[in-house]
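Any read-out appearing in this document is the output of simple, stated calculations on the displayed coordinates, not a laboratory observation. This one's a predicted model, so the numbers in the text were calculated from it and none came from an experiment. FYI the Cβ positions are ideal-geometry reconstructions off the backbone, even for glycines, and counts take in every protein chain you see.
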Amino acid sequence: MSKTATLNITGQEPLELPVMEGTLGPDVIDIRTIYAKTGAFTFDPGFTSTSACESKITFIDGGKGQLYYRGYPIEQLAEHSDYLETCYLLLYGELPNKEQKAAFEQDITYHTLVHDQLARFFNGFRRDAHPMAMMVGVVGALSAFYQDSLEITNPEHRRLAENRLISKIPTLAAMCFRYSRGLPFVYPRNDLSYTENFMYMMFSTPCEEYKPNPVLVRALDRIFILHADHEQNASTSTVRLAGSSGANPFACIAAGIACLWGPAHGGANEAVLKMLDEIGDVSRVPEFMEGVKAKKYRLMGFGHRVYKNMDPRAKIMKQTCDEVLNELGLQDSPKFKLAMALEQIALNDPYFIEKKLYPNVDFYSGIVLSALGIPVSMFTVIFALARTVGWISHWHEMIAEPTQKIGRPRQLYTGATRRDYVPVEQR
Ligand code: CMC
């Protein structure tokens, strides 16, 4: 027997609502008919109880600390897969066979160059502009350069735009970094892997050959895998909402980047490093914690809307953090020791235990990125680079859905009731 839920509104007949069941996760009450049948809206600011769409891409069980991409646990992908293979999985739903993997890698590799005129956009930015400010601008500008992939109803255009975004994002991200440092842009190299190539475009100079260190390449590739998707988070929902109006994919991804920039979302690992700098020394941790508990500020890199248990990505990132610090001989660095002291105190403090606040992926990813030589201002750009495939996969899923409609939430209006205009002399 299929499940139903009954809604009783005072003075109205009870309304029976269907209950939908997913393959995993909680049941979902289908409330689509509520307004038509009762004249009432539902109220859920922050979408804490609302499924905005149906999706087959990523599953999270926040209580159990589980994260699956297309059914595969994140731990297995981080251990055995690589970022481009994970991109294929997210986009197409299955792991590629050997030929599909090689063809996809070739396709992505041969789209990494950006139109040379795009480089001139950078000259319009101040050198001290935040790299995310440049990213929002240049990614949006891609739609002005690649007009042969803007027809969203054409599957071939969609595939081309998707591949272009995945391939060009690292090139643009590296250009943002190079511009802010006053360094010449570096063209991509087709003989390098996706992640090696990104590190090469970031760190090579015309004066010296750059050889990517395999331990560091693996660490960055893992950061990319861990950040590749996270179901209907704020930036992904932004991409879906922007895309629901029929906007082109480059514009939608630029909207996602804008949303990701905020400190409660992608800006958190940047905020973790800033917080560590502000605390400065292990001796100041107790005083800092008092301020957190008095709600003067938050412990950045802790807490999550969905995970009320350890974020599974944080466990993998912590291990990667150890590997990178050992490789670079940084395990005794004061910043790392400070971070570990903070983590231990928070994990044992009743304030954090009662509120189920655990370290999230950003607590450790900031430390790893910093050890890799990536400046703090680039952290959210790295997140955007990795998340582009997640955004695209959701955009693709939504556009391919025949019943797709423009997203249009309603509201509980609490403003002024009707009143008449008063001329300025009488106010
Ligand atoms: N430090 C101290 N207290 C906190 C923290 C924190 N980091 N996070 C939540 N709380 C407290 C909060 O004050 C509230 O207390 P009370 O119930 O007494 O009012 C309670 O915990 C619940 O907080 P909330 O803001 O209602 O929870 P939320 O689910 O809306 O917020 C969050 C989730 C991630 C925005 C929040 O935990 C936070 O601001 N964390 C710090 C920023 C951060 O690390 N963000 C990265 C998130 S992971 C990256 C990603 O997936 O995008």
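Here are a few things to note about the model shown:
- Among the trypsin sites (Lys or Arg not before Pro) in segment 27-124, those placed in a DSSP loop whose Cβ has at most 12 other Cβ atoms within 10 Å are 32, 56, 64.
- The chain - percent relative contact order, Cα under 8 Å, separation 6 or more: 20
- Scattering profile of segment 262-371 at q = 0.17, 0.18, 0.21, 0.23 Å⁻¹ [log10 I(q)/I(0), Debye over alpha-carbon scatterers]: -0.77, -0.87, -1.21, -1.46
- For the cross-link pairs 211/315; 295/318; 168/318; 293/356; 211/274, the ones whose C-alpha atoms lie over 25 Å apart are 211/315; 295/318; 168/318; 211/274.
- With N the number of residues in segment 313-427, Rg(Cα) / (2.2 N^0.38 Å) evaluates to 1.80.
- Net charge in the neighbourhood of residue 3 (other residues with Cβ under 13 Å of its Cβ; Lys, Arg +1, Asp, Glu -1) is -4.
- 5 Å binning of all Cα-Cα separations within segment 166-238, expressed as whole percents from 0 upward: 3, 15, 22, 22, 18, 10, 7, 2, 1
- Length, then width, then depth: along the principal axes, the Cα atoms of segment 362-407 run 47, 16, 16 Å.
- Fluctuation leader among 289, 378, 398 - the chain, Gaussian network, Cα springs under 10 angstrom: 289
- For the pair residue 9 and residue 191 in one chain, pulling the backbone fully straight at 0.36 nm per residue adds 59.0 nm over the alpha carbon distance.
- Taking label positions 7 Å along the Cα-Cβ direction at both residue 64 and residue 293, the computed distance is 3.4 nm, reported to one decimal.
- The longest stretch of the chain left intact once loop-based chymotrypsin sites (Phe, Trp or Tyr not before Pro) with at most 12 other Cβ atoms within 10 Å are removed from consideration, loops following DSSP, is 111-296.
- Ranked by how many other Cβ atoms sit within 10 Å of their own Cβ, fewest first, the residues 87, 176 fall in the order 176, 87.
- With 5 Å bins beginning at zero, the pair-distance distribution over Cα atoms of segment 1-137 amounts to 2, 7, 11, 11, 10, 11, 11, 11, 9, 7, 5, 3, 1, 0 %.
- Here the calculated FRET efficiency for residue 205 and residue 102, from their Cβ-Cβ distance with R0 = 35 Å, stands at 0.65, rounded to the nearest 0.05.
- Amide H to amide H distances under 5 Å link residue 70 with 58, 59, where only residues 5 or more positions off or on other chains count and H is placed in the peptide plane.
- Inter-label distance for residue 355 and residue 420, nm, one decimal - labels placed 7 Å from Cα along Cα-to-Cβ: 5.1
- Largest mean-square fluctuation among 407, 256, 182, in a Gaussian network model of the chain whose springs join Cα atoms under 10 Å apart, belongs to 182.
- Unit charges at the beta carbon, dipole of segment 288-427: most positive-side option, 409, 304, 314: 409
- Within segment 35-99, the GluC sites (Glu not before Pro) that combine a DSSP coil assignment with at most 12 other C-beta atoms in a 10 angstrom radius are 54, 94.
- Debye-sum result for the chain in log10 I(q)/I(0), which assumes one identical scatterer on each alpha carbon, at q = 0.14 Å⁻¹: -1.35
- Rough spin-label spacing in nm, given labels placed 7 Å along Cα→Cβ, for residue 376 and residue 27: 4.9
- Restricting the calculation to Cα atoms, every distinct pair contributes to the Kirkwood radius of segment 76-128, found to be 13.5 Å.
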